[in-house]
1. Let me spell it out: the conditions are (1) touching a strand residue (DSSP E or B) at 6+ places or on another chain (Cβ under 7 Å); (2) away from chain A (no Cβ under 11 Å), and B:ALA87 meets all of them except one. Which number is the exception?
2. Considering only region A:64-90, state which residues are under 17 Å from the mean Cα position of the chain (by Cα), within 14 Å of another protein chain (Cβ to nearest Cβ) and either more than 30 Å from B:LEU31 (Cβ to Cβ) or of a type in the set (Val, Ile, Thr) (or both).
3. Can you work out which of the residues in region B:109-129 that are modelled with pLDDT of 95 or more and touching a Ser or Thr at 6+ places or on another chain (Cβ under 7 Å) is farthest from the other protein chains (Cβ to nearest Cβ)?
4. Only helices (runs of 4 or more DSSP H) wholly contained in region B:157-247 count here; list those with 1 or more residues that are surrounded by fewer than 22 Cβ atoms within 10 Å (Cβ to Cβ), touching a Ser or Thr at 6+ places or on another chain (Cβ under 8 Å) and at negative phi.
5. For region B:144-163, give me each residue that is under 13 Å from B:ALA181 (Cα atoms) and among the charged types (D, E, K, R).
6. I'd like to know if region B:172-182 contains one or more residues that are free of Cβ contacts under 8 Å to residues at least 12 places away in the same chain and of a type in the set (D, E, K, R).
7. Exactly one condition in (1) of a type outside the set (Lys, Arg); (2) part of a strand (DSSP E or B); (3) out of contact with any strand residue (DSSP E or B) (no Cβ under 8 Å at 6 or more places or on another chain) is not met by A:SER122; state its number.
8. Please specify each residue of region B:90-132 satisfying the condition of being more than 23 Å from B:ASN71 (Cβ to Cβ) and surrounded by 15 or more Cβ atoms within 10 Å (Cβ to Cβ).
Amino acid sequence: MKIRYILILLIYPIFIIAQKDKHVIKHSIYLEALGTGGYGSINYDCTFLKFKKHKIYLSGRIGTGTNNFTDFENKFNPDLIFTSGLYAFYGKNHHVELGINFIMSLIVQYNPSVRSYRKLNSHLGFSIGYRYQKHPKGLITGIRYTPILEFNTHFRHWAAAYIGYCF
Amino acid sequence: MNPDCKILGHGGMGIAHTLPINTFESILKCLNMGAEGVEIDIQLSKDSVWIIFHDSDMSPATNLSGSIFNNNWQQIKGAYYMNPLYAQYPVIHADELFHSIVNKENYIFSLDLKNYQMNPDSNYTDLLARKYTEWVIKQDIVFNSYLTSSDLNLLMKVKSLNPDIETFIYSSDFQKSKQEALVQNFEGISIHINSLNQDLVKEAHQSGLKIAAFGINSGQSNIDAIEYGVDYIETDQLQHILQITNN
């Protein structure tokens, strides 16, 4: 819980200090290996605020990933992992990023009495990383350290790399 | 390929799979994919419950710590594997697993009995042998399972309690294990694929011994195991071997 408050305290000053000088809506689609979406995820990212003077912009992210596509009966029945997050980026072409993610997982498990069921859990993720984006529209790529507070109790070191397109 | 060769998943789907070995999900998936059996690790808890678990300590693989033999099932049943991300696959009771396998008489079970007692006395080995013998009878898997252990005394005691139970001696030295297996009337040798070749398999077969090969963690080692003509392939690459053998 402490980490959650620390992250909020770190992100909150960005809203206070920065002077909003332009509304910008930019969209990105990217594929992430590892990261908060499990072993891999597809993500949509929307930049909704840009503070040009301070080279800061804010974006929201939603994504979905999985650990397994087939279940214990070897039938298509993927684990579902949904991730959403809020990110702050600083920089022009080379960006430093800081973010917080809320994750919901629905993992297919076996139980002798009910056989197949989905176990629902929520998790909290953090992100500190680097993004390279030379042009406003075009390729984006980056790496992230994404520690996760799994089940909101266990801390796990985790990381990600991603590549996508901004339009 | 040995026409009698059986393909077994190591701990279920193998160590490289996202599902942890020795879990319901991994073992059932392996059998549902078309494997002819499965290799599983069993340990006896303090209150004499057979638990399916590989390591000497529940940490770091699970959220709990301590050895299986020092804990009761009530304590162990809260354990779940820490991998993969976001999942909580539980450590399982062997009876519950066998209750969950439909048509278990159609499969082969390689049971690797782990005894992590540092200095097991004769009484403890007697207890393990007796409990194991009773349990395979209760599960009705005497004729479609084989016991693997590195503990020669344990295998001898099981064999003396029930000669119908197939016993395989774990081997780090083929010739030594072959002699022990022949003297004690064990059915076979459990050996790492890297310690095998076609000639050794042939030599074992000529002596009336079967070979169970483990450590098969690549496509090439699947092919090697097939070419050597082993009797049981305990593979970590199940999907690959099922594809190449058209199972």
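The values are calculated or read from the model by the stated rules, or taken from the named source; none is laboratory data. Keep in mind the model is a prediction, meaning the values are calculated, not measured. Here Cβ is always computed from backbone atoms with ideal geometry, including for glycine, and neighbour counts include all displayed protein chains.
1. (2)
2. First pass over region A:64-90, keeping only residues under 17 Å from the mean Cα position of the chain (by Cα): A:64-67, A:80-90.
So of that shortlist, the ones also within 14 Å of another protein chain (Cβ to nearest Cβ) come out as A:64-67, A:80-83.
Within region A:64-90, A:THR64, A:THR66, A:ILE81, A:PHE82, A:THR83 meet the criteria.
3. Looking at residues that are modelled with pLDDT of 95 or more and touching a Ser or Thr at 6+ places or on another chain (Cβ under 7 Å), I get B:LEU113.
4. Numbers: elements: B:174-184, B:198-206, B:219-228, B:238-244.
Result: B:174-184, B:219-228.
5. B:ASP151, B:LYS159
6. From region B:172-182, those free of Cβ contacts under 8 Å to residues at least 12 places away in the same chain are B:173, B:175-176, B:179; that's our starting set.
Now restrict to residues that are of a type in the set (D, E, K, R): B:173, B:176.
Within region B:172-182 (the criterion being free of Cβ contacts under 8 Å to residues at least 12 places away in the same chain and of a type in the set (D, E, K, R)), the answer is yes, since at least one residue qualifies.
7. Exception for A:SER122: condition (3).
8. Passing the criteria: B:ILE101, B:LYS104, B:TYR107, B:ILE108, B:PHE109, B:SER110.
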